[in-house]
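Report on one structure; see the data block that follows.
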Amino acid sequence: MSFKNKTAVITGASRGIGLAVAKKLASQGANIAIIYVGKEEEGENAKKEVEALGVKVGLYYCDVSDFEKSKETVDQILNEFGTIDILVNNAGIVRDKLVLRMEEADFDSVIAVNLKGTFNMIKHTYKTFTKQRAGRIVNVASVVGINGNAGQTNYSASKAGVIGVTKSVAKELAGRGITVNAVAPGYIITDMTNALSDKVKEEIENAIPMKKRGLPEDVANAIAFLCSDEASYITGEVIRVDGGMAM
């Protein structure tokens, strides 16, 4: 795989899966635009890590759920990089609670970032991709968007929506040489899952056929493949990266 002279935009890329994707694509020559909303120090550290791989890196603070701000950010990236060849929609949040205790704000915020944020970024890059008649879009969904999960009604709904967006946009853009796919991670070692209790971690691991958690790099490898020329005839697909969890 080679992404030399290509520009990849990755949301939620200051840590976890997003940072692993940025480093993977950069290691194959891609210039990287990191979009994040975390701590500034975290963003700067991510930028340095990716720059160490010898590519051009831009750092952009942006809440992808904000339609106008995300548009401004995409315009800025286009101005500074000249083009966008790859879009990875990875930004996401959780507000896990049983429906009985879930507030309206818990539902709305998760849908806004995870689902609307994905729409916003695709919307703002759509014309660029269609003019080029080439490009790769990969959306990060989740196995709970396929199977559901108690206590994650909002998150499951957002990720199921991401899968619907993926398949619909894939049909819109297929005739222009642009592929749109999704990956559905399972139990991956990230800050999000590290916050779980040891008991819950053990229960989840026991439910995975491979009996272990995945790494951010496992997801990054799948995303890199979907962004590559080798995957040019794959579109509208959802690839699980879950150790068999959702079989």
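Each reported figure results from applying straightforward, stated rules to the coordinates on display, with no laboratory input. Nothing here was measured: the structure is a model prediction, and the numbers come from that model. Glycine also receives a Cβ, built like all others from the backbone with ideal geometry; neighbour counts cover every protein chain displayed.
Charge tally around Glu217: other residues with Cβ under 14 Å, Lys/Arg +1 each, Asp/Glu -1 each, net +3.
Residues Asp96, Asp198, arranged from fewest to most other Cβ atoms within 10 angstrom of their Cβ, appear as Asp198, Asp96. Sorted fewest first by neighbouring Cβ atoms within 10 angstrom, Lys71, Lys47, Lys199 come out as Lys199, Lys71, Lys47.
Phi-derived couplings, Karplus 6.51 cos²θ - 1.76 cosθ + 1.60 at θ = phi - 60°, listed residue by residue for segment 66-75: 8, 4, 5, 5, 5, 5, 4, 5, 4, 4 Hz, with x used for Gly and Pro.
A straight chain from Lys69 to Asn147 at 0.36 nm per residue would run longer than the Cα-Cα distance by 24.8 nm. On the principal axes of its alpha-carbon atoms, segment 1-111 has extents of 50, 28, 26 Å, going from largest to smallest. The simple spin-label model puts a point 7 Å past each Cα toward its Cβ; for Asp191 and Glu44 those points are separated by 1.6 nm. Each Lys and Arg Cβ is given +1 and each Asp and Glu Cβ -1; about its Cα centre, segment 134-217 then shows a dipole of about 320 debye.
For Lys97, a cut-off of 16 angstrom between C-alpha atoms picks up these aspartates and glutamates, skipping any fewer than 8 places away in its own chain: Asp106, Asp108. Our note on the geometry: Cα centres of segment 13-49 and segment 101-119, 24 Å apart. Only helices enter this figure: runs of n ≥ 4 DSSP H residues, each worth -39500 (n - 2.57), summed and divided by the residues of the chain, yield -14000 deg cm²/dmol at 222 nm to the nearest 500. The label-point distance for Lys199 and Leu100, in a model that sets each label 7 Å from Cα toward Cβ, rounds to 1.7 nm. In this label model, Gln132 and Glu237 are separated by 2.1 nm, measuring between points 7 Å along each Cα→Cβ vector. When Ile84, Ile34 are sorted by how many other C-beta atoms sit within 10 angstrom of their C-beta, beginning with the fewest, the order is Ile84, Ile34. Taking only the alpha-carbon positions of segment 7-237 and ignoring solvent, what does the Debye formula give for the base-10 log of I(q)/I(0) at q = 0.11, 0.14 Å⁻¹? Result of the Debye calculation: -0.52, -0.86.
Given the pairs Lys6/Lys131; Lys56/Lys131; Lys4/Lys71; Lys4/Lys127, which span a C-alpha to C-alpha distance of over 18 angstrom in this model?
Working: Lys6/Lys131 16 Å; Lys56/Lys131 23 Å; Lys4/Lys71 26 Å; Lys4/Lys127 22 Å.
Going by Cα-Cα distance, Lys56/Lys131; Lys4/Lys71; Lys4/Lys127 fall outside the 18 Å limit.
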